[in-house]
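Here is the structure we will look at.
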Amino acid sequence: MIFSKSLNDDAKSPKFIQTVPKLGYRFICPVTHSESHQKNNAQGNTKNNSPSSQPKQTPAKLQLITFFLVITLTVLSLFSWKYLFSNVVIEKKNTTDIQTLTRMAGNKFSPFVAPNGKTLSFLTRQAGKDKLWIRSLNNNELSEIPHSFEHIYQIVQWENSHEIVLLVRSKGKKQIMRGQIVDNKLHLLSQSMVNINDWRIYDIAGIKNNQLFMIAKSSGHNTPALYSFNFFKPDIEHVPLNINANAILSRLDINPQQTRILLLTKNYDDSSSLYQLNIENYAQRHYHTFAAIVRNAIWQHNGEGVFYTTPPPAQN
């Protein structure tokens with residue numbers, strides 16, 4: 001064997017390599033560790049166990065992790081600031097578009113702006129007492145106008161000359177009164193000749209030439225209808241309409257040109273319809289039908305469009 005010859009080993013009496021029949025060879029010489037070898041191994045183990053010998057993460061890997069963390073935080077910050085900033089802008093826009101005219105207690109109703117757009121008249125009701133108010137839209141000056149009526153149901157007209165027409169209850173009777181406001185005092189001018197004491201009035205509006213329209217029903221009628229009368233005459237005229245038999249008239253509004261009436265009906269199937277009525281010849285046209293109940297509808301300031309309100313959650 002080559003290893004045996006190299007080591008000058010005798011095959012019959014081996015010192016280093018022994019032949020095992022049918023198996024192979026094995027080393028039989030004793031194995032010992034030299035002192036220098038043990039010292040070297042000890043030093044090597046000490047070096048391997050030192051902190052400086054532990055594997056280190058490469059700078060490139062640390063930089064990559066840091067880069068992704070910075071990008072993530074930056075994106076989140078940008079989205080957060082964008083959301084907060086957008087909310088601030090929307091809130092600011094809403095506050096500039098909407099102006100609060102009054103914060104007084106009680107229910108506010110029947111607002112009426114004069115044709116010149118300079119004054120607003122409205123009513124408040126608190127503890128069963130009705131108050132009449134005038135606000136200047138130029139300087140926001142608010143004035144209460146004292147009156148002697150038992151109730152004020154509605155402001156019918158409010159003119160630039162500070163003339164006002166009111167639907168009131170006075171001395172136990174329902175009446176339509178005309179007055180003029182001078183130095184924050186109401187001076188009564190005249191009382192309408194029509195007898196509406198037994199009428200239930202849902203809505204009423206006036207136009208030029210002392211003509212008034214109302215949605216009302218008398219004691220002899222079960223459903224509201226449209227009526228017309230002159231302030232200084234006792235006769236009340238029924239205005240015929242071609243509307244759905246299952247529709248109930250609820251509101252009316254007159255366009256700024258005082259040529260057309262907007263009529264709102266509530267239908268039995270919980271829908272609502274709008275109709276236009278020509279004041280001169282009573283020509284009628286269906287305007288629109290809504291699938292939901294519409295609470296109120298008025299002409300746009302130019303008389304070409306319509307604003308309307310619906311119950312929550314729509315609130316259009």
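Quick notes on this structure:
- Cα-based shape type of the stretch 106-191, given that a ≥ b ≥ c are square roots of the gyration tensor eigenvalues and the cut on a/c is 1.5: oblate
- Straightening the chain between N302 and D183 buys 39.7 nm, computed as 0.36 nm per residue apart minus the Cα-Cα spacing.
- Computed Kirkwood radius, in angstrom, where 1/r is averaged over Cα pairs of the stretch 174-316: 16.4
- Counting neighbouring Cβ atoms within 10 Å and putting the fewest first, the residues H187, H162 line up as H187, H162.
- Remark: Y287, Y153 ranked as Y287, Y153, counting other beta-carbon atoms within 10 Å and listing the fewest first.
- Taking Cβ atoms as reference points and 12 Å as the exclusive limit, the residues near L262 contribute a net charge of 0, counting Lys and Arg as +1 and Asp and Glu as -1.
Each reported figure results from applying straightforward, stated rules to the coordinates on display, with no laboratory input. The structure presented is a predicted model; accordingly, all values stated were derived computationally and were not measured. FYI the Cβ positions are ideal-geometry reconstructions off the backbone, even for glycines, and counts take in every protein chain you see.
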